[in-house]
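This report refers to the structure that appears directly beneath it.
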Amino acid sequence: MVLLKWLVCQLVLFASLSHAFTDYLLKKCAQSGFCHRNRVYSDNIAKSHHCYYKLDAQSIAHDPLQNSLSATIIKTIPRLDGADIAVELPFSLSFLQDHSVRFTIDEKERTVASGGSLLASQRYNETWMYAFDEKFHDEANKTNFPELRFAKQEHSTDSLWSRLSSFLTHSNSTTDTIHLQNGNISLEILTEPFQLKIYWQNSLRLIVNERNFLNIEHQRSKEENFAHVLPEETTFNMFKDDFMYSKHDTMPLGPESVALDFTFFQSTNLFGIPEHPTSLRLMDTSQGEPYRLFNVDVFEYNIGTTQPMYGSIPFMFSSSSTSVFWVNAADTWVDIKYDTQQNKTMTHWISENGVVDVVISLGQDIPAVIDKFTDLTGRPFLPPMSSIGYHQCRWNYNDETDVLTVDAQMDANEIPYDFIWLDLEYTNDKKYFTWKRNSFPNPKRLLSKLNKLGRNLVVLIDPHLKKGYEISDSVINENVAVKDHNGNDYVGHCWPGNSIWIDTMSEYGQKIWKSFFEKFMDLPADLTNLFIWNDMNEPSIFDGPETTAPKDLIHDNHTEERSIHNLYGLSVHEATYDAVKSIYSSSDKRPFLLTRAFFAGSQRTAATWTGDNVATWDYLKISIPMVLSNNVAGMPFIGADIAGFAEDPTPELIARWYQAGLWYPFFRAHAHIDTKRREPYLFDDPLKSIVRDTIQLRYFLLPTLYTMFYKSSTTGFPIMNPMFIEHPEFPELYDIDNQFYWGDSGLLIKPVTDPGQSEIEMIFPPGVFYDFESMASFVNTGADPAVKIIPTPLDKIPFFIEGGHIITIKDKYRRSSKLMKNDPYVLVIAPDVKGHAVGDLYVDDGETFGYQRGEYAKTRFVLEDGHILKNVPSHTPDNLMDIHNDVLRNTNIEKIIVAKNELQRDIALKDSVTIKQGGEERSFPTKLSHEDDNKIIIMNPMLDITENWELIF
Ligand code: NOJ
């Protein structure tokens with residue numbers, strides 16, 4: 001009660017200000033030429049049922065070089081005079097090694113329109129080279145093409161058969177349908193209308209172009225346009241853009257959009273296509289705005305809208321484990337329409353230009369399709385252990401003394417942390433790659449002081465470069481600045497005033513960018529604790545259309561910004577990552593890097609965050625589905641600014657935000673320059689203790705979290721993990737995005753996200769659950785998930801461990817993660833109703849690439865029959881005994897906590913436990929161990945995680 005009163009007083013003191021992103025800066029679909037045109041086209045096609053695209057069966061061939069099927073889709077524009085226009089659209093289809101289907105549709109002949117002479121004439125088709133993992137650059141199409149079966153139409157000729165003779169069999173059907181079987185996937189290609197039907201174990205999962213929304217706006221001149229427009233089309237803004245903020249777009253190539261519909265069967269639950277401040281389960285957009293993927297700077301973004309944000313991942317999947325990856329980095333809109341009656345979902349994808357390039361994956365379950373997606377686009381990088389600890393950031397820490405005071409105060413108050421951050425103002429006059437020397441006279445000295453406790457410094461480096469200093473001069477001299485539509489260096493406005501932008505889409509641009517880091521990070525060999533934050537890389541341009549780059553800018557001498565817009569941020573952070581990695585190569589250190597803009601593939605090298613949120617309860621609430629969305633889209637290393645970037649949070653909000661933020665894979669406090677200082681040691685008790693305990697809890701859980709990051713780096717498995725992934729069998733869980741699991745650890749969490757909430761409702765699947773703090777258990781004996789009320793006083797974090805799991809923690813406060821390295825492990829065992837449990841542990845040195853050479857330990861703990869605990873190591877490093885090997889300094893288990901539950905066989909602590917190891921058996925007294933109603937604790941069992949043993953208690 002006292003606590004609540006205190007909170008109410010604080011609430012009154014901290015009245016919140018009004019805030020909102022100026023939405024009118026961004027286009028609505030109706031204001032975007034190509035989005036509007038495609039919506040109109042699809043509405044009209046739905047009425048007319050016309051179909052203008054057919055696949056020419058005669059053109060089908062096997063391309064042995066690409067190991068793909070190739071053909072031509074013909075778009076026919078009927079003309080009254082009978083001189084119909086036929087546009088040839090090359091089509092290719094191949095299977096990836098995991099049986100995913102990839103198809104592309106390009107446009108054959110294009111000539112450069114007048115005024116467009118600087119631009120490449122062909123449609124941009126290189127997005128995949130940035131998005132796919134390097135190993136697919138060679139292998140993308142290398143899987144053997146499966147056997148084809150043709151349902152043959154009368155006019156099919158022998159020459160067609162002979163061209164395909166090596167892999168087709170005949171059939172006597174009368175429709176032009178080509179059947180392909182590849183593993184569990186079968187596919188039908190229909191020629192007229194062109195369609196693809198995709199089956200998983202013979203059950204229909206997806207139809208491509210079911211609704212005939214395929215639309216490729218082929219090239220034509222403005223003068224001839226009238227002859228090229230279909231009856232269902234509108235000519236709205238085909239050659240101009242009349243949106244107030246982008247009306248200067250020269251649009252040299254006229255209309256170029258590509259659009260296609262995909263119908264998902266057996267599901268009315270879709271997920272993915274981050275980043276949006278909306279629910280995890282995607283909304284039906286048929287009565288509103290489509291989801292838009294277009295990287296932009298959205299300070300204080302509006303919640304609940306489908307507006308674009310800082311990052312874009314055009315990957316979507318259904319609850320029937322079917323995914324579509326739309327490999328296109330241009331401005332993109334996605335419409336979604338659920339049909340619950342027919343249990344299907346219709347989607348419509350529209351991009352401003354480029355080619356249709358799509359990868360469709362199917363699997364046994366949802367993790368299988370995420371696995372395939374992150375195999376293709378690259379696994380999330382395994383971050384240094386320190387970077388999954390706590391990050392203390394603010395715009396800005398003013399000088400060296402400020403940084404070192406924060407550092408000392410964190411220690412004095414027993415608040416662990418690993419990273420301190422320098423925002424914009426550490427630079428000399430916002431010139432990146434320089435230091436404000438009055439405030440930071442000796443960066444090496446600062447780094448060296450931080451290094452003593454294993455701490456790291458992150459500094460901000462943005463891709464806009466102030467005009468008129470060494471770095472920007474060299475970008476101009478080396479001719480690696482992004483160009484305007486006339487081919488001159490583009491100048492726009494950002495933090496430093498007039499700026500140019502480095503063109504990291506060009507290889508030479510990347511090289512120059514790297515050389516800046518080499519000079520800037522020229523540090524003594526023992527200092528490898530400086531890391532980089534790439535902000536504003538959408539790019540954010542204050543006087544640019546829609547807060548970003550004009551679409552007619554030119555990259556790498558011939559590519560329009562329009563084609564690569566959503567890739568630019570990735571190109572910046574990848575070049576930065578490569579630079580830092582090579583600078584630290586002698587110490588083999590893994591870089592940590594934060595990027596604000598991202599695309600599919602960004603997970604290979606960078607973490608991200610949800611951008612400029614506000615210190616209100618709504619932003620705390622929305623952060624959870626946002627973090628979950630990225631987690632299911634292959635980019636799990638994400639968090640939200642704690643406790644809200646803009647404005648001053650109330651003490652209650654601070655407490656609750658830390659308690660929620662502790663579960664974000666990326667755990668960082670950050671605050672706007674205009675806010676009051678809020679480093680956790682500045683708070684009064686009880687807030688200070690609450691925040692300290694919360695941060696300490698994160699550190700105790702690091703072994704479990706790091707194991708999950710490892711799993712994610714090998715399979716893409718989400719770290720903040722939606723309920724439906726763990727329990728897909730319960731339809732009611734598909735809508736839940738305020739409660740989640742932590743990876744596959746069994747930890748089930750529901751953060752408090754409302755003020756004055758003294759209790760919350762949590763939903764529990766069938767099984768046994770233990771309150772993590774007390775280990776008090778309760779069992780949901782029903783067949784369905786059940787709701788339970790959990791009391792939530794301000795110091796309570798509602799989190800449980802589900803029976804059947806074992807997690808590993810460390811339970812001693814240390815100042816940083818590095819200092820925990822020597823600490824022994826504690827096992828927490830949560831038996832299921834039958835007394836079984838299992839859990840994994842992954843350990844490496846936490847900082848180098850040594851793990852890629854086998855320098856890691858991996859083990860599985862298994863509890864059987866409630867009282868037999870086995871350790872089954874699956875990997876230990878060869879050089880475990882090497883004195884120089886820093887991988888596993890302490891591999892001992894100091895404590896084993898076994899939770900009790902009412903249904904489990906009665907376990908009780910005996911006088912001694914038995915340990916079987918290496919063919920021998922020994923007894924171990926448990927005098928100093930402990931037992932209460934909820935758990936038994938076995939102290940000092942003298943067991944090592946790297947050895948095989950069995951403990952019977
Ligand atoms: C925008 C970023 O989103 C924010 O986190 C940062 O503090 C400011 N830029 C200043 O660099």
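Odds and ends about this structure:
- Highlighted here are the strands (runs of 3 or more DSSP E) found entirely within the stretch 409-474 that include at least 1 residues which are crowded, with 23+ Cβ neighbours inside 10 Å and in contact with a Leu (Cβ under 8 Å, 6 or more places away or on another chain): 419-422, 456-460.
- Enumeration of residues in the stretch 618-645 that are of a type in the set (A, V, I, L, M) and not in a loop (DSSP other than H, G, I, E, B): 620, 622, 624, 626, 627, 628, 632, 638, 642
- Tally of residues being within 12 Å of the ligand (Cβ to nearest atom) and surrounded by fewer than 23 Cβ atoms within 10 Å (Cβ to Cβ) across the stretch 395-405: 2
- Qualifying residue in the stretch 721-744 (condition: in contact with a Phe, Trp or Tyr (Cβ under 8 Å, 6 or more places away or on another chain), among the charged types (D, E, K, R), outside the structural domain of residue 655 (by TED's automatic domain parsing) and part of a helix (DSSP H, G or I)): yes
- Residue match in the stretch 494-514 (condition: under 22 Å from residue 606 (Cα atoms), within 16 Å of the ligand (Cβ to nearest atom), outside any strand (DSSP E or B) and hydroxyl-bearing (Ser, Thr, Tyr)): no
- Cβ pairs under 6 Å, 6+ apart, first in the stretch 512-527 and within 17 Å of residue 449 (Cβ to Cβ), second outside any loop (DSSP other than H, G, I, E, B) and hydrophobic (A, V, I, L, M, F, W, C): 527/447
- Residues in the stretch 646-672 that are away from the ligand (no atom under 16 Å from the Cβ), in a loop (DSSP other than H, G, I, E, B) and under 20 Å from the mean Cα position of the chain (by Cα): 662, 663, 665.
- Residue match in the stretch 343-362 (condition: in the same structural domain as residue 119 (by TED's automatic domain parsing) and within 16 Å of the ligand (Cβ to nearest atom)): no
- Scanning the stretch 700-720 for any residue that is within 16 Å of the ligand (Cβ to nearest atom) and buried (at least 24 other Cβ atoms within 10 Å of the Cβ) turns up nothing.
- Selection status of residue 576, crowded, with 24+ Cβ neighbours inside 10 Å, within 18 Å of residue 668 (Cα to Cα) and among the β-branched types (Val, Ile, Thr): no
- Strands (runs of 3 or more DSSP E) contained entirely in the stretch 897-953, each with at least 1 residues that are touching a residue at least 40 places away in the same chain (Cβ under 8 Å): 912-917, 935-944, 949-952
- Among the residues of the stretch 529-560, the ones that are within 16 Å of the ligand (Cβ to nearest atom), of a type in the set (A, V, I, L, M, F, W, C) and part of a strand (DSSP E or B) come to 3 in all.
- Residue 369 assigned to a strand (DSSP E or B), over 30 Å from residue 847 (Cβ atoms) and either within 16 Å of the ligand (Cβ to nearest atom) or not assigned by TED's automatic domain parsing to the domain that holds residue 659 (or both): no
- When the criteria are applied in full, residue 464 meets the requirement of being within 16 Å of the ligand (Cβ to nearest atom) and modelled with pLDDT of 95 or more.
- Residue among 481, 412, 408 that alone is more than 16 Å from the ligand (Cβ to nearest atom) and in contact with a Gly (Cβ under 9 Å, 6 or more places away or on another chain): 481
- Scanning the stretch 585-621 for residues that are away from the ligand (no atom under 16 Å from the Cβ) and farther than 30 Å from residue 850 by Cα gives 616, 617, 618, 620, 621.
The values are calculated or read from the model by the stated rules, or taken from the named source; none is laboratory data. Just so you know, these numbers come straight off a predicted model, no measurement behind them. Cβ sites come from the backbone with ideal geometry, for glycine too, and all protein chains shown count toward neighbours.
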